[in-house]
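Trainee: Structure incoming, see below.
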Amino acid sequence: MTDTSTLTVAQAARRDRVVRAALKLGADGGYEAVQMRDVATEADVALGTIYRYFSSKDHLLAAALVTWTGDLEQQVARRPPAGRSVADRVANILQRATRGMEREPKLTAALMAAISSSDKGAASCQGEMRASMARVLSRALPDDLDPIVRDRVIRVLNFVWYGALLGWVNGWEGTDDVGREITDAAHLLLDEYG
């Protein structure tokens, strides 16, 4: 995986165009529509440029999920979570994220397939995604929450959300079930904190 902190401004812009092109193609046609040649055309870069930053399609799509999660992080910063309790605020964040994914079901299925793959490049993005989601969810948690408890709660909520999303994209559950799972988990974990 390319260390994005070492990229020049022009390289970072090219990489971002590639990721945004993958997001667009995935939204239009799902996993199969994200072909590296088509991504290169859409991003207006050479095919080799894509492979300079991403080792595979799964790596590219997993990086696209990191970008999507970063976008969510910015949205939550602009519009903080709503709710009377900690659990309500956490559920609000995850429900907002889920609604965004519901609007792009083909893209969501592609992103979930990629982040779930055993591809080493995709696996390298999992930590970035978890860290971004931790920052997002922390906005709803009390400042005085024990750091160990905070980390564990966030980890469990991420797993519940991920599992519920997998159920939805695979047709095992509906989107209402995703919201219910998230809300139940948030209340089970956080009701004692107000």
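The values are calculated or read from the model by the stated rules, or taken from the named source; none is laboratory data. A quick note: this is a predicted structure, and the numbers were derived from the prediction, not measured. As a convention, Cβ positions derive from the backbone with ideal geometry for all residues, glycine included, and neighbour counts pool all protein chains shown. Note: areas computed on protein heavy atoms with side chains; ligands, DNA, RNA excluded. Shrake-Rupley method; radii C 1.70, N 1.55, O 1.52, S 1.80 Å.
Trainee: How big is the chain along each principal axis, measuring the range of its Cα positions in Å and listing the largest first?
Mentor: 54, 37, 29
Trainee: OK, next. From the P(r) of the range 74-177, can you give the percent of Cα pairs sitting at distances over 17 Å? Let's see the in-between values first.
Mentor: Details: 2994 of 5356 pairs.
For the range 74-177, the fraction of Cα-Cα distances above 17 Å is 56 percent.
Trainee: Taking only the C-alpha atoms, wrap a convex hull around the range 1-64 and report its volume per residue in Å³ as a whole number. It would help to have the intermediate numbers written out before the result.
Mentor: On the way: hull volume 4.4 nm³, N = 64.
That works out to 68 Å³ per residue.
Trainee: Roughly to the nearest percent, how much of the accessible area of the chain is carbon and sulfur, given a 1.4 Å probe?
Mentor: Exposed carbon and sulfur together represent 50 percent of the surface.
Trainee: Return the lysines within reach of Lys120: Cα separation strictly under 17 angstrom, same-chain partners fewer than 8 residues apart disregarded; answer none if there are no such residues.
Mentor: In chain and number order, the partners are Lys57.
Trainee: Any idea what angle helix 175-190 forms with the longest principal axis of the chain, computed on alpha-carbon atoms, 0 to 90 degrees, nearest 10?
Mentor: Here the helix axis deviates by roughly 50 degrees.
Trainee: If you don't mind, another one. Under 20 Å Cα-Cα from Lys24, which aspartates and glutamates qualify once same-chain neighbours fewer than 8 residues away are excluded?
Mentor: Asp16, Glu32, Asp38, Glu42, Asp44, Asp58, Asp71, Glu73, Glu102, Glu104
Trainee: How long is the gain from Glu192 to Ala123 if the chain were fully straight, where each residue apart is worth 0.36 nm and the alpha carbon distance is subtracted?
Mentor: Working: separation 69, 0.36 × 69 = 24.84 nm, distance 3.42 nm.
My answer for the length gained is 21.4 nm.
Trainee: What net charge do the residues around Gly167 carry, taking every other residue with its C-beta under 12 Å from that of Gly167, with Lys and Arg at +1 and Asp and Glu at -1?
Mentor: Working: positive: Arg180; negative: Glu173, Asp176, Asp177, Glu181.
That sum, taken over residues with Cβ under 12 Å, equals -3.
Trainee: Can I ask one more? Just add up the charged neighbours of Pro81: K/R +1, D/E -1, any other residue whose Cβ is under 10 Å from the Cβ of Pro81.
Mentor: On the way: positive: Arg79, Arg89, Arg96, Arg139; negative: Asp88.
Surrounding charge for Pro81 is +3.
Trainee: Enter the mean projected area of the convex hull around the alpha-carbon atoms of the range 127-192, in nm², rounded to one decimal.
Mentor: So the Cα hull casts an average projection of 4.7 nm².
Trainee: Taking a ≥ b ≥ c as the square roots of the eigenvalues of the Cα gyration tensor of the range 66-122, is the shape rounded (a/c under 1.5), prolate (a/b larger than b/c) or oblate? Could the numbers behind the result be given before it?
Mentor: Numbers: a/c = 2.27, a/b = 2.11, b/c = 1.08.
Prolate shape, in that a/c is at least 1.5 and a/b is the bigger ratio.
Trainee: Here is a follow-up. If you line up the long axis of helix 86-102 against the longest principal axis of the chain, both from Cα atoms, how many degrees apart are they, to the nearest 10?
Mentor: Once rounded, the angle reads 30 degrees.
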